[in-house]
Amino acid sequence: MAAANANHLLKARGTILFYRHNHHTFIPPRFLPFSLLPSLNTKPTSTFPSLSSISHLPFTPSPSTPPHHFRFLCTSSDASTFASTFTSTVVDSGSAPQSEPPVPDMGAVKEAANLLDIRVGKVVKAWQHPDADSLYVEEVDVGEDEPRTICSGLVKYVPIDQIQDKKVLVLANLKPRNMRGIKSNGMLMAASDASHENVELLVPPEDSVPGERIWFGSEEEKENQTAAATANQIQKKKIWELVQPHLKTDAACIAMLDGHYMRTSAGPVVSKSLKDANIS
């Protein structure tokens, strides 16, 4: 009996090896990490209990054993408590174990953000898209020879008089997109609340200059800003998708990336009234 039970009680480098039985057949084992087990007052120890101490545990399948019943190593002093607690967390024995979402490397996120070409712009002309009720078309001065044409889905959120002749933030190194017959060369950046019912354009300081590239961090960090990536690199490496979830406004409506303010030479970028908002 002890030898049979021992086959069910194996530990392997931070994992617990599970054997699954039904009454007639043996099904191959699965490894699951300790991190998936419920938090207990006691944790599995680094040594195995003796066979004599575990042979009495009810780990041998019997006619009354449920068809998908897991057996596992538990070196806790209260094996029955461990078993009952963990069994309640296992719903689908055939599904793969779910791991915690990875913690983002914010250093890498900030490096990626420094590859974005976000510039101060000034809208010189804005009108409703002739073939799309939800779109504006803007001509925006971003410090180039000619204004850029940009399409923005802001009709439901921002009156056109709050766009015309206003300073804005433009994400300039995106690949052009055809939007209902008009090629859009960039994106106006805006803050929105969690429900996306309230949307406001980000606002650079009044004294900021169209074409200036913003940066994240202290005033001194501007000197160390890297060159912007190409539009192809932004798309291929999914740089915007990496950075965007970490762009927020703080309680003072200042735009930031993980505590690093979005800055121009004239001061930080803000939202007019949206606090703790998402930026896109």
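Which of the GluC sites (Glu not before Pro) found in the stretch 128-172 are in a DSSP loop and have at most 14 neighbouring Cβ atoms, other than their own, within 10 Å?
Passing sites in the stretch 128-172 are 144.
Between beta-carbons, use under 10 Å as the cut-off and find the net charge around residue 213, counting Lys and Arg +1, Asp and Glu -1.
Net local charge, residue 213 excluded: 0.
For a 27 Å ceiling on Cα separation, which of these pairs sit above it: 122/156; 166/248; 166/238; 167/248; 156/222?
Working: 122/156 21 Å; 166/248 21 Å; 166/238 30 Å; 167/248 19 Å; 156/222 36 Å.
Over 27 Å apart, Cα to Cα: 166/238; 156/222.
Rule-based calculations on the coordinates, nothing more; no lab input. Just so it is clear, the structure is predicted and the values come from calculations on it, not from any experiment. Don't worry about glycine lacking a Cβ; one is built from the backbone with ideal geometry, like all the others, and counts go over all protein chains shown.
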